[in-house]
Each structure stands twice: as C-alpha cells, then as structure tokens.
1. Modelled label-to-label distance, Lys262 and Glu73, 7 Å Cα→beta-carbon offset: nm?
2. Using r as the Cβ-Cβ distance of Met292 and Gln222, and R0 as 35 Å, what FRET efficiency do you calculate, to the nearest 0.05?
3. For Ile157, enumerate residues with amide H under 5 Å from its amide H, sequence gap 5+ or separate chain, H modeled in the peptide plane.
4. What spacing in nm lies between the two simple spin-label points modelled at Thr319 and Asp125, each 7 Å away from Cα in the Cβ direction?
5. Students often get this wrong, so check it: of Lys53/Lys80; Lys174/Lys353; Lys192/Lys299; Lys25/Lys174; Lys288/Lys353, which have C-alpha atoms separated by over 30 Å?
6. Apply the Karplus curve 6.51 cos²θ - 1.76 cosθ + 1.60, θ = phi - 60°, to the phi angles in the range 179-189 and return the couplings in whole Hz, x for Gly and Pro.
7. Each label point is 7 Å from the Cα along the Cα-to-Cβ direction; what then is the distance between the points at Glu210 and Asp283, in nm?
8. How would the range 1-78 be classified by its alpha-carbon gyration tensor: rounded, prolate or oblate, with rounded meaning a/c under 1.5 and the a/b versus b/c comparison settling the rest?
Amino acid sequence: MATTQKGPVVDADGHVLEPADTWLKYIDPQYRDRAIRIAYDDEGYENLLIDNKPLQLVRGHLGVLGGIGMDPEALHANGKMTYADGCPPGSYNPQARLQVMDEEGIDIALLYPTIGICWEGMVKDAKLATAYARAYNRWLADFCRANPQRLYAVAHISLLDPEGAVEETIRARKDGCIGVYLSPDMAARSGKHFDDPAFTRFWETVQELEMPVGFHVVVRDQPAFQGWFHRDLRDRLFGFTFLAIDVMAAFTQMLAWGMFEKYPRLKCTVLESGANWISAWLDRMDHKYRVMATYSPLKMNPSEYFYRQCLVSADPDETLTAPVVEHIGAEYFVWASDYPHVDASFGVVTEMKERLAPLSAEAQRKVLGENAVRFYNLGV
C-alpha cells in the first residue's frame, strides 16, 4: 500500500466508469427492458439510453464522460470517441484501479458514479429510479470487494422514491457502502425540498446509520441554470463551470432550512465544487442570518452547523487552499482526484501536497486523509 510519511492518503471523490452492461446484469429482472444501456442510433451516433430515451447532451461523444489524460478536442469530436475509448482500465477494473492508486500514492478511494450522475433528471418513474440505483450499488459493492480496505463504495440513492430510498440505503449499508451520494438538483427529487415530510425517514435513516451524504455535480440535458444558455458552443465552458452551482445550492438549503438543526448527527460532504469559496460563503450566511434570524429555524449561526456536521472537498488546482484551510480549520477539508474524468489529471497527490505545504504537518495529514477516515468511520 502506498503511504505518506504519516497518515493515510484518501481520495474522497474518485469515480468509476460503469461498464456498459452494468444495469443489464444487475437490475431487477422486471426492469431489464428499461435498463440503462449504450446503443447506436440510426445515424451511427453512440447514445446513452435512459428508460429507452437518449441523453442528448452526450450523444456522439460519450468518451467525454471519462477521458483522463486524453486530448479533450478529440473527445469532443462528435461521433468519433466512444464511451469505451474514454474508459481507462482503472475506471472499471478494481485491480487496475489499485495499480493506479499505487502509482498516484493513494491509499484509499471513496468511489462515486459517472453514468449515475447523468440519469436522474430524465427518470420520472420513482420505482425505476430505485431500481437503477440498486443495480449500480450492487455492482459497486462487488467492485470494492476486490480490496475492502482500500476501495469504499458510496451508495447512489434517489430521493424520487422516498420509501425506496430508505430501503435501498439500509440494504446498501449491509452490503458495505459507507456513505450516500445524492443528486443536488430539484429534478432528481420531483421538485420536492429537502425538508419535505416525505423524506423524514430517509434523513433519520442516514443519521442513524452514520452514513454521510455527499452532494456532487450532475449532468443534465436541462440543467437548473439552462435559462442562461446562449444555445451555441460557448455554453460548454459556462455549463461546465456552473455545474458547481447545484451543489452549492443544495448545501446552502440544507443549512438555511434547518436540516442540520433538525438532524444534529447528520453528516454532509460538499463535493466537486471546490473549497476555496467556503470561507466567504460561511461569512456571508452568518452576516445575512443576523438580519434574518427572526424568520429562520436556525438556533446557531449557519457556520456553526458546518463546523459541527460538514466537510468540503478541495480540488488539486485551487490556488488558495492552504490559507483557507488555515482560516477555517484543517478538520473541515478533504480532497479529491476526480479520476478518471476529462478534467482530472495524474500526479494529483503531489499537487495537493504542494498546495498544503505551508500548513503544519498535522494539518496536512488531516486534509490528505485523516478527516475522511474519521468522518466516514473507515476504521483505518
């Protein structure tokens, strides 16, 4: 196992690229004819089919769902790069992933989906949503069994089906999953807010099972911010950058609507939105709370709930991580590789160590791995 001088190195947000036949193999039989799959259309373009409908955003360039270390221009060439072209072996083969982790100096990886961040906006059938999530969770648990001390499954749970979400969370926990990934956007839960009574049992369940929930960026044909699109290729940079907004909005609503007040043992990780913004955002929320406290369910400053119950994930390319960590406190940060996505890169552990170098050795150990071990009860 690759190690630092002291303490483990934990990738708090690594990804898999689900094999194209994952849902065909793992879904409940009654939903197999509606399983997520990859197929070519009549014009020869590769499509990701969700409930037998194509996700138009990635039609003809599914390779961009992976693509680490590849030429982004080639990956975006419509129709030329397939999903398989963008999939390095470490994204779908556990032994190959362990080799990548050794080469990168990563001891432990917490694993999140890729196709799984794409489908919830299109699914309207609540039971199908749970079936999709359950199929993926079954496959991921099998993947992680290759080395349970280094590979940890984060269960994908869909709140479109509140009762199914509870049942699948309990089942996934028994199957070895250590946390829950939730889509942050409203479409993924049929427009319901997090404090909707339909979700009470879910929040009680993840709190009781000590499974942190993580909000992560999502890919949608119709994102929440689509009204800002210019409807040409310039949207790509805008849209890619703005993916973080859904995560920030979900996290802000959890704070502002008193979810951490109501569920004081609920733990939450804020993923793939960077971490350098968190200091300014908490300051802003605390300032606004002072003039809005009369209308708020909160009993403490918003920042106090963050300190009590949350972590935020830093990206290797952020330039102010060390001073932000020093200001907020080293206990509240993890980091992520985002492997094997197109905007990820190799050598990220070295890059993170360079970003954190101005901090004390104790603070570096916390951010690089000890916080994730503690927060997720990994028992390392």
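No lab work stands behind these numbers, since they all come straight from the coordinates. In this text, all values refer to a predicted model and were calculated from it rather than measured experimentally. Cβ: placed from backbone, ideal geometry, glycine included. Neighbour counts: every protein chain shown.
1. So the two model labels end up 5.1 nm from each other.
2. So, using R0 = 35 Å, E works out to roughly 0.65.
3. Here the answer is Tyr181, since their amide H atoms fall under 5 Å of that of Ile157.
4. 5.0
5. Listed pairs above 30 Å: Lys174/Lys353; Lys288/Lys353.
6. With coefficients 6.51, -1.76 and 1.60, one gets x, 10, 9, 10, 5, x, 7, 5, 4, 5, 10 Hz.
7. Those two pseudo-labels are separated by 3.6 nm.
8. Since a/c reaches 1.5 but b/c is at least a/b, the shape of the range 1-78 is classed as oblate.
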